[in-house]
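Presented below is the structure to which this report refers.
Read the figures in this text as sums done on the coordinates, not as results from a lab. Predicted model only: the values in this text are computed from it and were never measured. Neighbour counts run over all protein chains shown; Cβ positions are idealised from the backbone, glycine included.
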Amino acid sequence: MAPNPSRKRQSRRGAAQSGMSLSMENGIHYHLPETVSEAVGLLARHGAAARALAGGTDLVPALKLGILGARHLVSLRRVPGLRDIALDGDRDVVIGALATLRAVATSPLVEHACAALAEAAGRTGSPLLRNRGTLGGNVCLDTRCWYFNQSEAWRASRDRCQKAGGARCHVNERENRCVALFSADTPAALMVAGARVELAGPSGMRWIGIEALYSGEGRAPLALAPGEIVTRIRIPKPLAGWRTAYVKHAVRESIDFPILGVAAGVELAPDGTIHAARVAVTGARSAPVRLPEVENAVGGRRLADVGDGDLARIATRALGPLFLSDAVPHKRLLAGLMTVDALARAAGEDSGRRRS
Amino acid sequence: MKRLIQLTVNGQAHDLVVTPVGTLLDVLRDDLGLTGAKRGCDLGACGACTVILDGRPVNSCLTLAVEADGSDVATIEGVAAPGRLHPVQEAFAVHGAVQCGFCTPGMVLVTKSLLDECPEPEDRQIREALSGNLCRCTGYVKVLDAVRAAARRLRAREGVR
Ligand SMILES: Cc1cc2nc3c(=O)[nH]c(=O)nc-3n(C[C@H](O)[C@H](O)[C@H](O)COP(=O)(O)OP(=O)(O)OC[C@H]3O[C@@H](n4cnc5c(N)ncnc54)[C@H](O)[C@@H]3O)c2cc1C
Ligand code: SF4
């Protein structure tokens, strides 16, 4: 994938006439399997050279920027049954990986099972993106970085970084290890919901907890076996008194990836005591992360008894040092404040507080 | 490797030969000569390329043409008969909601699809629906005026019928 200056300077008209968008490379193969087993067979056969294609709202920009590192696109659009959102018996809500974010955001089943998920899906990108972007694509989103998600011309001014196949990391120079950020909105909410993910691969199906889907590696953020895809996502039936909320902070509220997203869930007694809590953060590391120290700090207490200042400090400390790969130096402090907001909203104690 | 696809665009069926990386926007503009959908950022962030794909507004710059095979596409060219204006277009013109005009086709299509689904939107819903369509002349106030006016016009027209 060496930068190709002649292609870079290709005129817009020339690019259009050859049927390509600007800076898209040729030699891309498109596959249209009709079944899950056909899809995973194709993905396994082409290995690292292949990618699953769902809504394409992240994959197509990557293709245009020349950072996709795959030559085979395996479209999932003909694979049947992966768009449904349904109750499994009278218990869990099961969402097909190809359900659009719009469908997830507006589904009464999802709203009831996990309000934070409906909210996170409804705040992902713009309405236009949510009409095509899928939940599976969001859960499997690639990590992002200031030095990586750029045009060929921009990237040509310095060495290719590790994620782009080079030797160096321009962010984490000391350890020289990719720390690109995982910035999808819905996975934080899915962690709080205790969601499970169905994977299909060449050797069959398996279910894993959503947290086990992530490797924590910036270069390859998903812990998937070769050929594996996400087929369904299961939200367990919520306990009585379980309430959730999602808080997002982005440069532009209308469309941008989260600088940070915090999802919170609380099991609330009628007197406001929190029996148990879950908190998860997206946008801070190469995987979405839980904050167990915060969960323990509020467990068995009422939110008001913990105190906002202490809670924010616990969250900031729990998150630990962060790489400033997106130049947001106040991110750790922000995470503290957003954790307070998310817990307060989940617990219904947000009156008079900032709504974000 | 090229592929043959079928698209219905503004009610008319087309057979087209496309490459795997050609977008719906490329096909509309370069093969069909429908230049109403604009190439703005070309990365899904501005909404100038908006078209209605199987009933929902999407970014045509992020939709691979091969993925749209068999779909029904509505573009700005199809919202009204030649030489006429759709009530949404007329409201945009009357209320000065058009400055340079580059974002206008996308905004009109998003507005039309909002009003088809929700004839009496609250301001919150209008803002939300248009939040993926950027105007760099910064003319959102008049756009809101136009959408409210278009909603009233369309409701009145329904009432008359
Ligand atoms: C302007 C702009 C703003 C955006 N804002 C946000 C935002 O605020 N929040 C956010 O989270 N995202 C945002 N996105 C990214 C993207 O739109 C969403 O994350 C969307 O949910 C991706 O889904 P998709 O179906 O389009 O995925 P695709 O682009 O089709 O795929 C994304 C990745 O997931 C893999 N994949 C897809 N489906 C599966 C599957 N079933 N199994 C295994 N792998 C799979 C693909 O191989 C690819 O690597 C934005 C994108 C743009 C262009
Ligand atoms: S963190 Fe380093 S290796 Fe990873 S994408 Fe950024 S610059 Fe590249």
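Brief remarks on what is shown
- When Rg and the Kirkwood radius Rh are both evaluated on Cα atoms of segment B:3-78, their ratio Rg/Rh stands at 0.91.
- Here the Gaussian network model covers chain B, with springs between Cα atoms less than 10 Å apart; of B:136, B:39, B:84, B:84 fluctuates the most.
- Degrees, to the nearest 10: B:140-160 long Cα axis against longest axis of chain B: 80
- Whole-percent pair-distance distribution, where bins are 5 Å wide, for the alpha carbons of segment A:46-177: 2, 10, 16, 17, 16, 13, 11, 8, 5, 2, 0, 0
- Taking segment B:112-136 and a reference point 7 angstrom along Cα→Cβ of residue B:148, the backbone N atoms nearer than 17 Å belong to B:115, B:119-130.
- Residue-count net charge about residue A:173 - beta-carbon cut-off 13 Å; Lys, Arg +1, Asp, Glu -1: +2
- Across all directions, the average projected area of the convex hull around the alpha carbons of segment A:19-75 is 3.9 nm².
- Which listed pairs, of B:2/B:38; A:64/A:248; B:38/B:112; A:64/B:2, have C-alpha distances above 21 Å, in listed order: B:2/B:38; A:64/A:248
- Cβ-defined net charge surrounding residue B:106, 14 Å radius [Lys, Arg +1; Asp, Glu -1]: +4
- For residue B:55, the shell of other residues with beta-carbons less than 13 Å away shows a net charge of 0, using +1 for Lys and Arg and -1 for Asp and Glu.
- Hz values of 3J(HN,Hα) by residue in segment A:210-215 - Karplus curve (6.51, -1.76, 1.60), Gly and Pro given as x: 4, 5, 6, 6, 9, 7
- Point-charge dipole on Cβ atoms (K/R +1, D/E -1) for chain A, about Cα centre, debye to 20: 1340
- Inter-centroid distance (Cα atoms) of segment B:75-113 relative to segment A:223-280, Å: 39
- Ordering B:60-70, A:169-179 by mean Cβ neighbour count within 10 Å, with the highest value first, yields B:60-70, A:169-179.
- Residue-averaged beta-carbon neighbours from other chains (10 angstrom radius) around B:54-64: 6
- Net dipole in debye of chain B [+1 Lys, Arg Cβ; -1 Asp, Glu Cβ; about Cα centre; nearest 20]: 540
- Rg over Rh [alpha-carbon atoms, Kirkwood Rh] for segment A:125-166: 1.12
- Once the gyration tensor of the Cα atoms in segment A:242-347 is diagonalised, the equivalent ellipsoid follows with semi-axes of 24, 14, 11 Å, ordered largest first.
- 3J(HN,Hα) couplings calculated from phi for segment A:58-65 with the Karplus curve 6.51 cos²θ - 1.76 cosθ + 1.60 (θ = phi - 60°) are, in sequence order, 10, 6, 5, x, 4, 4, 5, 7 Hz; Gly and Pro show x.
- In segment B:47-140, Rg over Rh equals 0.96, where Rg is the alpha-carbon radius of gyration and Rh the Kirkwood radius from pairwise Cα distances.
- Relative to the 2.2 N^0.38 Å rule of thumb, chain A has a C-alpha radius of gyration ratio of 1.01.
- Relative pair counts by distance (%), Cα atoms of chain B, 5 Å bins: 2, 10, 19, 22, 19, 14, 9, 5, 2, 0, 0
- Dipole of the protein assembly as shown, positive end: most advanced residue of A:329, A:276, A:101 [Cβ charges, Cα centre]: A:329
- Helix-derived mean residue ellipticity, 222 nm - over chain A, DSSP H n ≥ 4, -39500 (n - 2.57), to 500: -7500 deg cm²/dmol
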